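Q: Below is one structure. I have some questions about it.
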Amino acid sequence: MRFLVKASWDIAAGNKLAKKGRLGSTVDKIIKELKPEAAYFLADHGERTAYLVVDLKDASQIPAVAEPFFLAFEASIEFQPVMVLADLKKAGPAIAKAVKKYA
């Protein structure tokens, strides 16, 4: 199942790594380990933030995604299930059934 993962990390923790010259290499190491389908980086509400699209086969993989950000950056993490177009098309019959039943 695909998830959109938002990791926003503590300014002080990020600054500490940046001052040591390890911010970029730490992010790079985490991304290489997680191998997301996509990764975007931005400032969100004044915090360094990464948005990743990851495909997890099992819920037990959630800590493997979250813990590197928790430990390296004191980050807050959010997981949101998402679909690609093929998933949405596959859901068509369930949507039609709900329309007939509840609309």
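Q: Limited to region 7-59, what total is found for residues that are acidic (Asp, Glu) and closer than 16 Å to GLU78 by Cα? Give the derivation first.
A: In the first step, residues of region 7-59 are kept if they are acidic (Asp, Glu); the result is 10, 28, 33, 37, 44, 47, 55, 58.
Checking which are closer than 16 Å to GLU78 by Cα leaves us with 10, 44, 47, 55.
The qualifying residues number 4.
Q: If you don't mind, another one. If you check ARG2 against the conditions, is it in contact with a Gly (Cβ under 8 Å, 6 or more places away or on another chain), surrounded by 12 or more Cβ atoms within 10 Å (Cβ to Cβ) and of a type outside the set (Ser, Thr, Tyr)? I'd like the intermediate steps shown before the answer.
A: Values: in contact with a Gly (Cβ under 8 Å, 6 or more places away or on another chain): no; surrounded by 12 or more Cβ atoms within 10 Å (Cβ to Cβ): yes; of a type outside the set (Ser, Thr, Tyr): yes.
Against the criterion (in contact with a Gly (Cβ under 8 Å, 6 or more places away or on another chain), surrounded by 12 or more Cβ atoms within 10 Å (Cβ to Cβ) and of a type outside the set (Ser, Thr, Tyr)), ARG2 does not qualify.
Q: Within the group LEU71, LEU42, LEU23, LEU52, which residue is among the hydrophobic types (A, V, I, L, M, F, W, C) and touching a residue at least 12 places away in the same chain (Cβ under 8 Å)? Can you show your working first?
A: Values: LEU71 fails: touching a residue at least 12 places away in the same chain (Cβ under 8 Å); LEU42 fails: touching a residue at least 12 places away in the same chain (Cβ under 8 Å); LEU23 fails: touching a residue at least 12 places away in the same chain (Cβ under 8 Å).
Exactly one of LEU71, LEU42, LEU23, LEU52 is among the hydrophobic types (A, V, I, L, M, F, W, C) and touching a residue at least 12 places away in the same chain (Cβ under 8 Å), namely LEU52.
Q: Having 3 or more residues that are touching an Asp or Glu at 6+ places or on another chain (Cβ under 9 Å), at pLDDT 95 or above and within 15 Å of PHE3 (Cβ to Cβ) is the bar; report the strands (runs of 3 or more DSSP E) wholly within region 21-82 that clear it.
A: Numbers: elements: 38-44, 47-55, 76-81.
Per the criteria, 47-55.
The values are calculated or read from the model by the stated rules, or taken from the named source; none is laboratory data. Only a predicted model underlies this, so the values are computations on that prediction, with no experimental measurement involved. Glycine gets a Cβ as well: all are built from the backbone with ideal geometry, and neighbour counts include every protein chain shown.
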